[in-house]
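The values are calculated or read from the model by the stated rules, or taken from the named source; none is laboratory data. As the structure is a prediction and not an experimental result, all values here were calculated from the model. Virtual Cβ from ideal backbone geometry, glycine too; neighbours counted across all protein chains shown.
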Ligand SMILES: *Cc1c(COP(=O)(O)O)cnc(C)c1O
(Lines give C-alpha, C1' and ligand atoms only; values in the text may rest on other atoms or scores of the structure.)
Protein backbone atom coordinates (compact mmCIF):
# COMPACT_ATOMS: atom_id res chain seq x y z
CA UNK A 1 0.00 0.00 0.00
CA UNK A 2 1.27 3.43 -0.90
CA UNK A 3 -1.45 5.77 0.31
CA UNK A 4 -2.19 4.65 3.86
CA UNK A 5 -3.79 7.55 5.68
CA UNK A 6 -5.09 11.09 5.49
CA UNK A 7 -1.59 12.55 5.67
CA UNK A 8 -0.57 10.56 2.59
CA UNK A 9 -3.66 11.87 0.84
CA UNK A 10 -2.74 15.44 1.75
CA UNK A 11 0.76 14.92 0.30
CA UNK A 12 -0.68 13.35 -2.85
CA UNK A 13 -2.97 16.35 -3.24
CA UNK A 14 -0.07 18.78 -2.81
CA UNK A 15 1.81 17.00 -5.57
CA UNK A 16 -1.22 17.20 -7.86
CA UNK A 17 -1.59 20.92 -7.18
CA UNK A 18 2.07 21.54 -7.94
CA UNK A 19 1.69 19.70 -11.27
CA UNK A 20 -1.33 21.90 -12.04
CA UNK A 21 0.65 25.04 -11.17
CA UNK A 22 3.48 23.89 -13.38
CA UNK A 23 1.14 23.32 -16.33
CA UNK A 24 -0.52 26.72 -15.88
CA UNK A 25 2.80 28.55 -15.60
CA UNK A 26 4.72 26.75 -18.30
CA UNK A 27 2.07 25.82 -20.86
CA UNK A 28 -1.13 27.72 -20.03
CA UNK A 29 -4.53 27.12 -18.49
CA UNK A 30 -5.83 25.79 -21.81
CA UNK A 31 -3.65 22.70 -21.34
CA UNK A 32 -5.70 21.66 -18.30
CA UNK A 33 -8.94 19.73 -18.61
CA UNK A 34 -10.88 19.74 -15.39
CA UNK A 35 -13.20 16.74 -15.64
CA UNK A 36 -13.97 16.51 -11.93
CA UNK A 37 -17.39 18.11 -12.28
CA UNK A 38 -16.26 20.59 -9.61
CA UNK A 39 -15.37 23.68 -11.54
CA UNK A 40 -14.98 26.05 -8.61
CA UNK A 41 -15.84 29.19 -10.53
CA UNK A 42 -15.67 32.71 -9.19
CA UNK A 43 -17.95 34.94 -11.20
CA UNK A 44 -17.90 38.56 -9.97
CA UNK A 45 -17.94 42.03 -11.48
CA UNK A 46 -15.49 44.80 -10.39
CA UNK A 47 -18.30 46.73 -8.70
CA UNK A 48 -19.29 43.67 -6.72
CA UNK A 49 -15.69 43.00 -5.74
CA UNK A 50 -15.35 46.53 -4.37
CA UNK A 51 -18.12 45.76 -1.86
CA UNK A 52 -16.23 42.86 -0.33
CA UNK A 53 -15.64 44.27 3.11
CA UNK A 54 -16.14 42.31 6.32
CA UNK A 55 -19.53 43.78 7.17
CA UNK A 56 -20.67 45.42 3.94
CA UNK A 57 -20.19 42.23 1.92
CA UNK A 58 -22.52 40.07 4.04
CA UNK A 59 -25.13 42.85 4.18
CA UNK A 60 -25.39 42.90 0.41
CA UNK A 61 -24.62 39.39 -0.75
CA UNK A 62 -26.24 37.33 2.00
CA UNK A 63 -29.45 39.12 1.24
CA UNK A 64 -29.10 38.45 -2.49
CA UNK A 65 -28.33 34.83 -1.71
CA UNK A 66 -31.60 34.38 0.18
CA UNK A 67 -33.52 35.01 -3.00
CA UNK A 68 -31.52 32.95 -5.49
CA UNK A 69 -30.68 30.29 -2.91
CA UNK A 70 -34.29 29.63 -1.97
CA UNK A 71 -35.20 29.47 -5.62
CA UNK A 72 -32.44 26.89 -6.19
CA UNK A 73 -32.96 24.82 -3.03
CA UNK A 74 -36.48 25.49 -1.79
CA UNK A 75 -37.11 25.97 1.94
CA UNK A 76 -37.76 29.19 3.85
CA UNK A 77 -34.20 30.31 4.46
CA UNK A 78 -30.70 29.47 3.22
CA UNK A 79 -27.37 29.54 5.02
CA UNK A 80 -24.03 29.79 3.17
CA UNK A 81 -21.24 27.60 4.52
CA UNK A 82 -17.55 27.07 4.01
CA UNK A 83 -18.19 23.58 2.64
CA UNK A 84 -20.95 20.98 2.47
CA UNK A 85 -18.99 19.13 5.16
CA UNK A 86 -19.29 22.20 7.40
CA UNK A 87 -23.06 22.13 7.03
CA UNK A 88 -23.20 18.42 7.81
CA UNK A 89 -21.06 18.97 10.91
CA UNK A 90 -23.12 21.95 12.07
CA UNK A 91 -26.41 20.07 11.66
CA UNK A 92 -25.10 17.10 13.61
CA UNK A 93 -23.63 19.34 16.34
CA UNK A 94 -27.03 21.02 16.66
CA UNK A 95 -29.41 18.06 16.48
CA UNK A 96 -27.57 14.96 17.59
CA UNK A 97 -26.96 14.04 21.21
CA UNK A 98 -24.35 11.74 22.63
CA UNK A 99 -25.40 8.05 22.53
CA UNK A 100 -28.41 8.78 20.30
CA UNK A 101 -28.75 7.05 16.91
CA UNK A 102 -28.27 8.51 13.46
CA UNK A 103 -29.46 6.47 10.49
CA UNK A 104 -28.54 7.15 6.89
CA UNK A 105 -30.00 5.83 3.66
CA UNK A 106 -28.16 6.27 0.38
CA UNK A 107 -28.35 4.69 -3.07
CA UNK A 108 -24.89 3.21 -2.78
CA UNK A 109 -22.25 3.09 -0.04
CA UNK A 110 -20.00 4.75 0.96
CA UNK A 111 -21.37 7.89 2.57
CA UNK A 112 -19.37 11.08 2.43
CA UNK A 113 -16.82 10.72 5.27
CA UNK A 114 -17.92 13.97 6.93
CA UNK A 115 -21.12 12.19 8.05
CA UNK A 116 -19.59 9.33 10.08
CA UNK A 117 -16.80 11.63 11.29
CA UNK A 118 -19.28 14.21 12.62
CA UNK A 119 -21.33 11.50 14.35
CA UNK A 120 -18.18 10.16 15.87
CA UNK A 121 -17.28 13.59 17.19
CA UNK A 122 -20.55 13.92 19.11
CA UNK A 123 -20.33 10.25 20.17
CA UNK A 124 -23.55 9.20 18.46
CA UNK A 125 -24.19 5.72 17.07
CA UNK A 126 -24.14 5.86 13.31
CA UNK A 127 -25.82 3.36 10.95
CA UNK A 128 -25.86 3.46 7.18
CA UNK A 129 -27.28 1.23 4.49
CA UNK A 130 -27.84 1.18 0.76
CA UNK A 131 -30.37 -1.65 0.98
CA UNK A 132 -33.77 -0.04 1.24
CA UNK A 133 -35.46 -3.09 2.79
CA UNK A 134 -32.89 -3.06 5.57
CA UNK A 135 -33.43 0.58 6.44
CA UNK A 136 -35.07 0.99 9.84
CA UNK A 137 -35.27 3.78 12.37
CA UNK A 138 -34.44 2.49 15.86
CA UNK A 139 -35.62 4.05 19.12
CA UNK A 140 -33.64 7.02 20.36
CA UNK A 141 -32.87 8.27 16.84
CA UNK A 142 -32.05 11.97 16.71
CA UNK A 143 -31.46 12.42 12.98
CA UNK A 144 -32.27 10.64 9.73
CA UNK A 145 -29.94 11.33 6.81
CA UNK A 146 -30.58 10.79 3.12
CA UNK A 147 -27.99 11.28 0.40
CA UNK A 148 -29.63 12.57 -2.77
CA UNK A 149 -26.75 11.67 -5.07
CA UNK A 150 -23.61 9.89 -3.86
CA UNK A 151 -20.00 10.96 -4.39
CA UNK A 152 -20.03 8.73 -7.48
CA UNK A 153 -23.30 10.31 -8.65
CA UNK A 154 -25.59 7.42 -7.90
CA UNK A 155 -29.01 9.00 -7.52
CA UNK A 156 -31.60 7.90 -4.97
CA UNK A 157 -34.91 6.48 -6.12
CA UNK A 158 -37.63 9.08 -5.62
CA UNK A 159 -40.13 6.69 -4.03
CA UNK A 160 -37.53 5.47 -1.55
CA UNK A 161 -36.58 9.07 -0.83
CA UNK A 162 -40.20 9.91 0.01
CA UNK A 163 -40.64 6.75 2.06
CA UNK A 164 -37.62 7.47 4.26
CA UNK A 165 -38.81 11.03 4.92
CA UNK A 166 -42.25 9.72 5.78
CA UNK A 167 -40.87 7.10 8.16
CA UNK A 168 -38.83 9.77 9.95
CA UNK A 169 -41.63 12.29 10.16
CA UNK A 170 -44.09 9.74 11.52
CA UNK A 171 -41.80 9.69 14.51
CA UNK A 172 -41.04 13.40 14.57
CA UNK A 173 -37.40 12.91 13.67
CA UNK A 174 -35.76 15.57 11.48
CA UNK A 175 -34.32 14.62 8.08
CA UNK A 176 -31.10 16.06 6.69
CA UNK A 177 -30.41 15.56 3.00
CA UNK A 178 -26.83 15.52 1.74
CA UNK A 179 -27.64 16.88 -1.71
CA UNK A 180 -24.07 17.92 -2.60
CA UNK A 181 -24.45 17.20 -6.31
CA UNK A 182 -28.02 15.93 -6.02
CA UNK A 183 -29.64 19.35 -5.77
CA UNK A 184 -28.89 19.70 -9.50
CA UNK A 185 -28.41 16.14 -10.71
CA UNK A 186 -31.63 14.82 -9.21
CA UNK A 187 -33.73 17.77 -10.18
CA UNK A 188 -32.43 18.54 -13.68
CA UNK A 189 -31.45 15.16 -15.05
CA UNK A 190 -33.91 12.96 -13.14
CA UNK A 191 -36.75 15.46 -12.81
CA UNK A 192 -37.07 14.90 -9.07
CA UNK A 193 -38.41 17.64 -6.77
CA UNK A 194 -36.13 19.72 -4.57
CA UNK A 195 -35.29 17.99 -1.28
CA UNK A 196 -37.11 20.66 0.76
CA UNK A 197 -40.20 20.21 -1.42
CA UNK A 198 -40.09 16.49 -0.65
CA UNK A 199 -40.23 17.37 3.04
CA UNK A 200 -36.56 17.44 4.04
CA UNK A 201 -36.01 19.57 7.13
CA UNK A 202 -32.48 20.44 6.05
CA UNK A 203 -30.86 20.08 2.64
CA UNK A 204 -27.25 20.95 1.86
CA UNK A 205 -25.67 21.32 -1.55
CA UNK A 206 -22.14 21.95 -2.71
CA UNK A 207 -21.87 25.18 -4.66
CA UNK A 208 -19.09 23.97 -6.95
CA UNK A 209 -20.60 20.67 -7.97
CA UNK A 210 -22.13 20.73 -11.46
CA UNK A 211 -22.46 24.52 -11.26
CA UNK A 212 -20.05 27.43 -11.78
CA UNK A 213 -19.74 28.43 -8.12
CA UNK A 214 -17.01 28.44 -5.47
CA UNK A 215 -16.15 25.54 -3.19
CA UNK A 216 -18.76 26.01 -0.51
CA UNK A 217 -21.95 24.67 0.97
CA UNK A 218 -25.47 26.01 0.82
CA UNK A 219 -28.00 24.85 3.40
CA UNK A 220 -31.73 25.32 3.09
CA UNK A 221 -34.63 24.50 5.37
CA UNK A 222 -37.22 25.89 7.71
CA UNK A 223 -36.43 29.30 9.18
CA UNK A 224 -36.37 28.10 12.81
CA UNK A 225 -34.08 25.17 12.22
CA UNK A 226 -31.72 27.17 10.00
CA UNK A 227 -31.49 29.83 12.72
CA UNK A 228 -30.69 27.20 15.33
CA UNK A 229 -27.95 25.69 13.16
CA UNK A 230 -26.65 29.14 12.23
CA UNK A 231 -25.73 29.72 15.87
CA UNK A 232 -23.42 26.67 15.81
CA UNK A 233 -22.12 27.65 12.40
CA UNK A 234 -21.06 31.07 13.68
CA UNK A 235 -19.73 29.73 16.97
CA UNK A 236 -17.38 27.38 15.19
CA UNK A 237 -16.52 29.53 12.16
CA UNK A 238 -18.16 27.24 9.63
CA UNK A 239 -19.90 30.00 7.67
CA UNK A 240 -18.96 31.07 4.15
CA UNK A 241 -17.06 34.35 3.98
CA UNK A 242 -18.32 37.30 1.87
CA UNK A 243 -16.20 36.53 -1.23
CA UNK A 244 -17.59 32.99 -1.36
CA UNK A 245 -21.14 34.25 -0.77
CA UNK A 246 -20.81 36.67 -3.69
CA UNK A 247 -19.54 33.89 -5.94
CA UNK A 248 -22.37 31.60 -4.77
CA UNK A 249 -24.96 34.17 -5.79
CA UNK A 250 -23.43 34.48 -9.26
CA UNK A 251 -22.73 30.75 -9.55
CA UNK A 252 -26.39 29.95 -8.96
CA UNK A 253 -27.50 32.70 -11.36
CA UNK A 254 -25.22 31.26 -14.04
CA UNK A 255 -26.16 27.65 -13.47
CA UNK A 256 -27.18 26.30 -16.85
CA UNK A 257 -29.40 23.24 -16.90
CA UNK A 258 -28.64 22.61 -20.58
CA UNK A 259 -25.01 21.81 -19.75
CA UNK A 260 -26.15 18.98 -17.51
CA UNK A 261 -28.60 17.73 -20.08
CA UNK A 262 -25.97 17.86 -22.87
CA UNK A 263 -23.44 15.93 -20.85
CA UNK A 264 -26.16 13.41 -20.08
CA UNK A 265 -26.37 12.77 -23.82
CA UNK A 266 -22.65 12.98 -24.66
CA UNK A 267 -21.54 10.51 -22.03
CA UNK A 268 -22.88 7.60 -24.13
CA UNK A 269 -20.40 8.44 -26.87
CA UNK A 270 -17.48 8.49 -24.44
CA UNK A 271 -18.70 5.26 -22.88
CA UNK A 272 -18.73 3.49 -26.26
CA UNK A 273 -15.20 4.68 -27.05
CA UNK A 274 -13.79 3.58 -23.69
CA UNK A 275 -15.53 0.21 -23.86
CA UNK A 276 -13.04 -0.76 -26.58
CA UNK A 277 -10.40 -1.15 -23.91
CA UNK A 278 -12.14 -1.31 -20.55
CA UNK A 279 -14.57 -4.01 -19.52
CA UNK A 280 -15.67 -2.42 -16.29
CA UNK A 281 -16.23 1.20 -17.15
CA UNK A 282 -19.62 2.50 -16.01
CA UNK A 283 -21.84 5.41 -16.97
CA UNK A 284 -22.67 8.16 -14.50
CA UNK A 285 -25.50 10.61 -15.22
CA UNK A 286 -23.06 13.15 -16.70
CA UNK A 287 -20.00 11.12 -17.67
CA UNK A 288 -18.27 7.80 -17.17
CA UNK A 289 -16.33 6.33 -14.28
CA UNK A 290 -14.21 3.44 -13.16
CA UNK A 291 -14.17 2.49 -9.49
CA UNK A 292 -10.90 1.44 -7.83
CA UNK A 293 -12.24 -2.13 -7.49
CA UNK A 294 -13.09 -2.26 -11.17
CA UNK A 295 -9.78 -0.72 -12.20
CA UNK A 296 -8.06 -3.64 -10.42
CA UNK A 297 -10.10 -6.05 -12.53
CA UNK A 298 -8.80 -4.42 -15.71
CA UNK A 299 -5.22 -5.28 -14.71
CA UNK A 300 -4.03 -8.87 -14.99
CA UNK A 301 -0.43 -8.54 -13.82
CA UNK A 302 0.85 -9.34 -10.30
CA UNK A 303 1.30 -6.45 -7.92
CA UNK A 304 1.02 -5.38 -4.26
CA UNK A 305 -0.84 -2.14 -4.76
CA UNK A 306 -4.25 -1.50 -3.21
CA UNK A 307 -7.24 -0.71 -5.39
CA UNK A 308 -7.09 2.93 -4.32
CA UNK A 309 -3.33 3.13 -5.02
CA UNK A 310 -3.98 2.04 -8.59
CA UNK A 311 -6.60 4.75 -8.98
CA UNK A 312 -4.25 7.36 -7.51
CA UNK A 313 -1.42 6.41 -9.89
CA UNK A 314 -3.78 6.41 -12.88
CA UNK A 315 -5.24 9.77 -11.90
CA UNK A 316 -1.78 11.29 -11.43
CA UNK A 317 -0.64 9.99 -14.82
CA UNK A 318 -3.69 11.51 -16.50
CA UNK A 319 -2.81 14.82 -14.87
CA UNK A 320 0.94 14.75 -15.44
CA UNK A 321 0.84 13.56 -19.03
CA UNK A 322 -2.31 15.16 -20.36
CA UNK A 323 -3.47 17.81 -17.91
CA UNK A 324 -6.64 15.82 -17.25
CA UNK A 325 -7.85 16.56 -13.72
CA UNK A 326 -9.84 13.85 -11.92
CA UNK A 327 -10.76 13.67 -8.25
CA UNK A 328 -8.38 10.95 -7.01
CA UNK A 329 -5.44 13.28 -7.78
CA UNK A 330 -6.79 16.47 -6.25
CA UNK A 331 -9.45 15.29 -3.78
CA UNK A 332 -9.48 15.96 -0.06
CA UNK A 333 -8.64 13.08 2.30
CA UNK A 334 -11.44 10.51 2.26
CA UNK A 335 -12.80 11.63 -1.10
CA UNK A 336 -13.82 8.85 -3.44
CA UNK A 337 -10.91 7.29 -5.39
CA UNK A 338 -13.23 6.55 -8.30
CA UNK A 339 -11.92 8.01 -11.54
CA UNK A 340 -14.79 9.96 -13.00
CA UNK A 341 -14.69 11.78 -16.32
CA UNK A 342 -17.44 14.34 -15.99
CA UNK A 343 -18.62 16.10 -19.14
CA UNK A 344 -20.82 18.72 -17.50
CA UNK A 345 -18.34 21.54 -16.88
CA UNK A 346 -16.79 24.06 -19.25
CA UNK A 347 -13.45 22.33 -19.94
CA UNK A 348 -15.35 19.35 -21.31
CA UNK A 349 -17.60 21.21 -23.73
CA UNK A 350 -15.03 21.59 -26.51
CA UNK A 351 -13.20 18.38 -25.86
CA UNK A 352 -12.91 15.95 -28.74
CA UNK A 353 -14.01 12.65 -27.24
CA UNK A 354 -11.86 10.52 -29.59
CA UNK A 355 -8.83 12.50 -28.47
CA UNK A 356 -9.85 12.21 -24.82
CA UNK A 357 -10.23 8.46 -25.04
CA UNK A 358 -6.77 8.12 -26.70
CA UNK A 359 -5.28 10.07 -23.80
CA UNK A 360 -7.04 7.87 -21.29
CA UNK A 361 -5.78 4.74 -23.08
CA UNK A 362 -2.19 5.95 -23.20
CA UNK A 363 -2.21 6.83 -19.48
CA UNK A 364 -3.62 3.39 -18.76
CA UNK A 365 -0.75 1.82 -20.73
CA UNK A 366 1.68 3.82 -18.63
CA UNK A 367 -0.08 2.68 -15.49
CA UNK A 368 0.44 -0.93 -16.60
CA UNK A 369 4.15 -0.39 -17.15
CA UNK A 370 4.58 1.43 -13.82
CA UNK A 371 2.74 -1.12 -11.68
CA UNK A 372 5.54 -3.73 -11.26
CA UNK A 373 7.79 -1.01 -9.82
CA UNK A 374 6.32 0.20 -6.52
CA UNK A 375 8.96 2.91 -6.06
CA UNK A 376 8.08 4.32 -9.44
CA UNK A 377 4.40 4.35 -8.44
CA UNK A 378 5.28 6.18 -5.21
CA UNK A 379 7.19 8.76 -7.21
CA UNK A 380 4.20 9.30 -9.48
CA UNK A 381 1.84 9.81 -6.53
CA UNK A 382 4.06 11.96 -4.31
C1 LIG B 1 -18.72 16.42 -2.32
C2 LIG B 1 -19.64 15.81 -1.38
C3 LIG B 1 -19.69 16.23 -0.04
C4 LIG B 1 -18.73 17.23 0.56
O5 LIG B 1 -18.62 18.46 -0.06
P6 LIG B 1 -17.49 19.48 0.44
O7 LIG B 1 -17.90 20.78 -0.10
O8 LIG B 1 -16.21 18.96 -0.11
O9 LIG B 1 -17.46 19.45 1.92
C10 LIG B 1 -20.62 15.64 0.80
N11 LIG B 1 -21.46 14.70 0.34
C12 LIG B 1 -21.45 14.27 -0.95
C13 LIG B 1 -22.45 13.24 -1.39
C14 LIG B 1 -20.54 14.80 -1.85
O15 LIG B 1 -20.52 14.37 -3.11
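For region 275-290, which positions are surrounded by 14 or more Cβ atoms within 10 Å (Cβ to Cβ), without any contact (Cβ under 8 Å) to a residue 40 or more places away in the chain and either in a strand (DSSP E or B) or out of contact with any helix residue (DSSP H, G or I) (no Cβ under 9 Å at 6 or more places or on another chain) (or both)? Of everything in region 275-290, those that are surrounded by 14 or more Cβ atoms within 10 Å (Cβ to Cβ), without any contact (Cβ under 8 Å) to a residue 40 or more places away in the chain and either in a strand (DSSP E or B) or out of contact with any helix residue (DSSP H, G or I) (no Cβ under 9 Å at 6 or more places or on another chain) (or both) turn out to be 282, 283. Being surrounded by fewer than 17 Cβ atoms within 10 Å (Cβ to Cβ) and touching a residue at least 40 places away in the same chain (Cβ under 8 Å) holds for only one residue in 98, 11, 77, 21, and it is 11. Annotation: residue 66 fulfils all but one of (1) assigned by TED's automatic domain parsing to the domain that holds residue 233; (2) within 23 Å of residue 346 (Cβ to Cβ); the unmet one is (2). Looking across 84, 36, 54, one residue alone is in the same structural domain as residue 236 (by TED's automatic domain parsing), touching a residue at least 60 places away in the same chain (Cβ under 8 Å) and within 16 Å of the ligand (Cβ to nearest atom). It is 84. Residues in region 204-224 that are more than 12 Å from the ligand (Cβ to nearest atom) and either part of a loop (DSSP other than H, G, I, E, B) or surrounded by 24 or more Cβ atoms within 10 Å (Cβ to Cβ) (or both): 211, 212, 220, 221, 222.
Considered as a group, the residues in region 241-254 that are in contact with a helix residue (DSSP H, G or I) (Cβ under 7 Å, 6 or more places away or on another chain) and at pLDDT 95 or above include one that is nearest to the ligand (Cβ to nearest atom), and that residue is 248.
Across region 348-377, the number of residues qualifying as under 26 Å from the mean Cα position of the chain (by Cα) and closer than 21 Å to residue 15 by Cβ comes to 5.
Residue-by-condition table, conditions (1) without any contact (Cβ under 8 Å) to a residue 12 or more places away in the chain; (2) crowded, with 24+ Cβ neighbours inside 10 Å; (3) in a loop (DSSP other than H, G, I, E, B):
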{"residue": "146", "(1), (2), (3)": "no, yes, no"}
{"residue": "152", "(1), (2), (3)": "no, no, yes"}
{"residue": "161", "(1), (2), (3)": "no, yes, no"}
{"residue": "169", "(1), (2), (3)": "no, no, no"}
{"residue": "187", "(1), (2), (3)": "yes, no, no"}
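Only one of the listed residues (272, 258, 227) is at pLDDT below 95 and outside any loop (DSSP other than H, G, I, E, B). That residue is 258. Filter region 263-274 down to the residues that are in contact with a helix residue (DSSP H, G or I) (Cβ under 8 Å, 6 or more places away or on another chain) and closer than 18 Å to residue 350 by Cβ and list them by number. Those that are in contact with a helix residue (DSSP H, G or I) (Cβ under 8 Å, 6 or more places away or on another chain) and closer than 18 Å to residue 350 by Cβ: 263, 264, 266, 269, 270, 273.
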